[in-house]
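Everything below concerns the one structure shown next.
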Amino acid sequence: MRFLRLSLLMSLAAGLLSACAVSVSHRSDGFARPEAWTVEAENPAATVSFSGGTVDIDTPQGLTLWLKQPLVAPVEISFDAMAVSEGGDNDHVSDLNAFWMASNKDGSDVLSRPRSGAFAEYDDMRAYYVGIGGNRNSTTRFRRYVGESGNRPLLPAHDLSDPVHMLKPNVWTHIALKVEAEGVTVHRDGRVLFRLADPAPYGQGHFGLRTTKSHLRFRNLTVK
């Protein structure tokens, strides 16, 4: 009886440890499951296609592709991205953007209130945002959205215009977005692009790929 009781306790402990591991660590299957995502597109002519672990976004106006699963910090989101330039109508090499840890301003699920895909409709979120090669590939910026319409705070150190920080056509670049106790960092190709020591970091929310008037491809998404 004592052996049986000990075995049951050990089994319960193992189950608890396994549950904890699942709650703090998750590896995404990338872009293999279209049903894991939802699209907010400003123009019905936009296309989002999934094939072989790659997603292709081709849009004449604003579009956000949200991962339906909410994330909890500490977290690292990494993926490869490419601005396509193959002569298509939207192949402008511009606006490799992302939101992460996004929620409505009251802290509720950002997907509970659908948006049209127009950029201004996201102003009232609480979120982190990075825009690489925005404004027709002339700016690269990081912002901490504070949930106020018309207010997109931008620190001078987070507003880059050097050509080295812009997009190159048809070249894969690796992006890693991290939220940790000590702050938020954006890495590009293994180097820190932006860093923010956030005294009140956003601890949970959704991740979304964002662009406008462009043609982008993404692959190798990992969330851990």
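The values are calculated or read from the model by the stated rules, or taken from the named source; none is laboratory data. Given the structure is predicted, the values throughout are model-derived calculations rather than measurements. No Cβ is skipped: glycine too gets one built from the backbone with ideal geometry, and neighbour counts run over all protein chains shown. Each accessible area value is taken on the protein alone, full model and side chains, heavy atoms only, with ligands, DNA and RNA left out. Shrake-Rupley method; radii C 1.70, N 1.55, O 1.52, S 1.80 Å.
What lysines sit close enough to Lys178 to cross-link, taking a C-alpha to C-alpha distance under 18 Å and skipping anything fewer than 8 places away on the same chain?
Within the straight-line limit of under 18 Å, Lys178 reaches these lysines: Lys224.
When the chain is fully extended, how far beyond the present Cα-Cα distance does Ala45 get from Lys68, taking 0.36 nm per residue of separation?
That works out to 6.0 nm of additional length.
Residues with amide H under 5 Å of Asp198's amide H, sequence separation 5 or more or different chain, H placed in the peptide plane at 1.01 Å from N; which?
Gly183, Val184
I want to check the label-to-label distance for Thr38 and Glu148. Put each point 7 Å from Cα in the C-beta direction and report it in nm to one decimal.
Calculated label separation equals 2.8 nm.
Have a look at Ala46, Ala102, Ala181 and tell me which one the Gaussian network model of the chain (Cα, springs below 10 Å) gives the largest fluctuation.
Comparing Ala46, Ala102, Ala181 in the GNM, the peak value goes to Ala181.
Across 10 Å bins from 0, what is the distribution of all Cα-Cα pair distances for the range 73-169, in whole percents?
Computed distribution, short to long bins: 14, 41, 35, 10, 0.
In the chain, with Lys and Arg counted as +1 and Asp and Glu as -1 at Cβ, which of these residues, Tyr122, Ser94, Val72, has the Cα nearest the positive end of the dipole, that is, farthest along it?
Value: Val72.
Which ³J(HN,Hα) values, rounded to whole Hz and listed in residue order, are derived for the range 123-137 from phi using the Karplus coefficients 6.51, -1.76 and 1.60 in 6.51 cos²θ - 1.76 cosθ + 1.60 with θ = phi - 60°, glycine and proline given as x?
4, 8, 7, 9, 5, 9, 9, 10, x, 9, x, x, 6, 6, 6
Run the numbers for Asp109 and Arg191: contour at 0.36 nm per residue of separation, minus the present Cα-Cα distance, in nm. All intermediate terms of the calculation are to be shown ahead of the outcome.
Details: separation 82, 0.36 × 82 = 29.52 nm, distance 3.14 nm.
Taking 0.36 nm per residue and subtracting the Cα distance, the gain is 26.4 nm.
Which lysines have a Cα less than 22 Å from the Cα of Lys168, not counting those fewer than 8 places away in the same chain?
List returned: Lys213.
What's the extension gain from Trp172 to Lys224 if we count 0.36 nm per residue and subtract their Cα-Cα distance?
16.6 nm
Could you sort Ser161, Ser108 by accessible area so the largest value comes first, with the probe set to 1.4 Å?
The ranking, largest first, comes out as Ser161, Ser108.
I'd like to know how the range 172-211 sits against the 2.2 N^0.38 Å rule of thumb: what's its Cα Rg over that expected value?
Normalised Rg, Cα atoms only: 1.25.
Hey, can you grab everything whose amide H is under 5 Å from the amide H of Lys68? Only 5+ residues off in sequence or another chain; H modelled, so Pro and N-termini drop out.
Hits under the 5 Å cutoff: Trp37, Thr38.
If N is the number of residues in the chain, what value comes out of its Cα radius of gyration divided by 2.2 N^0.38 Å?
Scaled against compact globular proteins, the figure is 1.12.
Roughly how big is the range 166-217's charge dipole about its Cα centre, with Cβ charges of +1 (Lys, Arg) and -1 (Asp, Glu), in debye to the nearest 20?
Numbers: 8 positive and 4 negative charges, 79 e Å.
Using Cβ point charges on Lys, Arg, Asp and Glu, the range 166-217 gives about 380 debye.
Determine the equivalent ellipsoid of the range 106-224 by diagonalising the alpha-carbon gyration tensor, then write out the semi-axes as square roots of 5 times the eigenvalues, largest first, rounded to whole Å.
22, 18, 16
Note down the magnitude of the dipole of the range 71-223 about its Cα centre, charges +1 on Lys and Arg C-beta and -1 on Asp and Glu C-beta and zero elsewhere, to the nearest 20 debye.
Here the range 71-223 has a charge dipole of around 100 debye.
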